[in-house]
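The structure appears right after this line, and notes come after that.
The values are calculated or read from the model by the stated rules, or taken from the named source; none is laboratory data. These figures come from a predicted structure and were not determined experimentally. Here the Cβ positions follow ideal geometry from the backbone for every residue, glycine too, while neighbour counts run over all protein chains shown.
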Amino acid sequence: MFLKRFRKPKPTTDLEYVAAYRATGDLAVLGELYERHMELIYAVCYNYLRNEEEAKDAVMHLFEQLITDLRRHDVQQFGPWLHSVARNYCLMQLRKQQTHPVTALVTDTGNDAEDEYLHKLISEETDPLDLEEDLTHMEACLKTLSPEQQTCLTLFYLEKKSYTEVAQLTGYDLKQVKSYLQNGRRNLKICMQK
């Protein structure tokens, strides 16, 4: 009981973890913070790189990069910031390789008209700078969707969950999941065409 009074409380929010790491430089704190976001970062990396081993390497490299970046940058929203860092890292890798990523979120929608448009959007003839602009635009459009549509699209396409798994993870019934996915794809396409 006496020792509990002198222990510092364990961080619970991303901002608390960031502050604790910046104050102490403790890699265990950074590791705990990164572990909370590792699955999403892997999904982002795999989405761009389309190779399991390259995505795993990217996740490890990004952790090493965080060791210095978090001490240099004042990060207020860790999740979105980390997503941007991961995306930029992957885009740099793709530029080095001179290959073109195929984005899972904008492929295989089950709707031929949407598929044709979206495949044309990311076709092999696409200039890498145009592709980067399109992917950035797609991410911005994803943020305009309702939280339910964002969640369902992210789980289904980026994390490769089945309809049933999405329903279990979100608490929505199967019909709601299918509806959010269908409406989310449609709204994403409309936003992308603007």
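Considering only residues that are surrounded by fewer than 21 Cβ atoms within 10 Å (Cβ to Cβ), under 13 Å from the mean Cα position of the chain (by Cα) and either among the hydroxyl-bearing types (Ser, Thr, Tyr) or not in a helix (DSSP H, G or I) (or both), which ones fall in the range 35-53?
Passing the criteria: only Tyr42.
Starting from the range 48-66, take each residue that is closer than 23 Å to Gly79 by Cβ and list its partners that are part of a helix (DSSP H, G or I) and among the small types (Gly, Ala, Ser), counting only C-beta distances under 8 angstrom and pairs at least six apart or across chains.
Going by the 8 Å Cβ cut-off, the qualifying pairs are Leu49/Ala55; Leu49/Ala58; Ala58/Ala86; Leu62/Ala86; Phe63/Gly31.
Taking interchain pairs and intrachain pairs at least six residues apart, which have beta carbon atoms under 8 angstrom, with the first residue in the range 147-158 and acidic (Asp, Glu) and the second buried (at least 19 other Cβ atoms within 10 Å of the Cβ)?
Glu148/Tyr180
Let me confirm something: among Lys120, Lys161, Lys143, which residue is out of contact with any Asp or Glu (no Cβ under 7 Å at 6 or more places or on another chain), outside the structural domain of Tyr34 (by TED's automatic domain parsing), outside any helix (DSSP H, G or I) and at pLDDT below 85?
Exactly one residue qualifies, and that residue is Lys161.
Restricting to the range 69-90, name every residue that is surrounded by 16 or more Cβ atoms within 10 Å (Cβ to Cβ) and either of a type in the set (Gly, Ala, Ser) or in a helix (DSSP H, G or I) (or both).
Leu70, Phe78, Trp81, Leu82, His83, Val85, Ala86, Arg87, Tyr89, Cys90, listed by residue number.
Need the failing condition index for Met1 against (1) modelled with pLDDT of 90 or more; (2) loosely packed, with under 12 Cβ neighbours inside 10 Å, just the number.
Just one mismatch for Met1, condition (1).
Could you please give the count of residues in the range 167-178 that are modelled with pLDDT of 85 or more and either surrounded by 15 or more Cβ atoms within 10 Å (Cβ to Cβ) or in contact with a Leu (Cβ under 8 Å, 6 or more places away or on another chain) (or both)?
5
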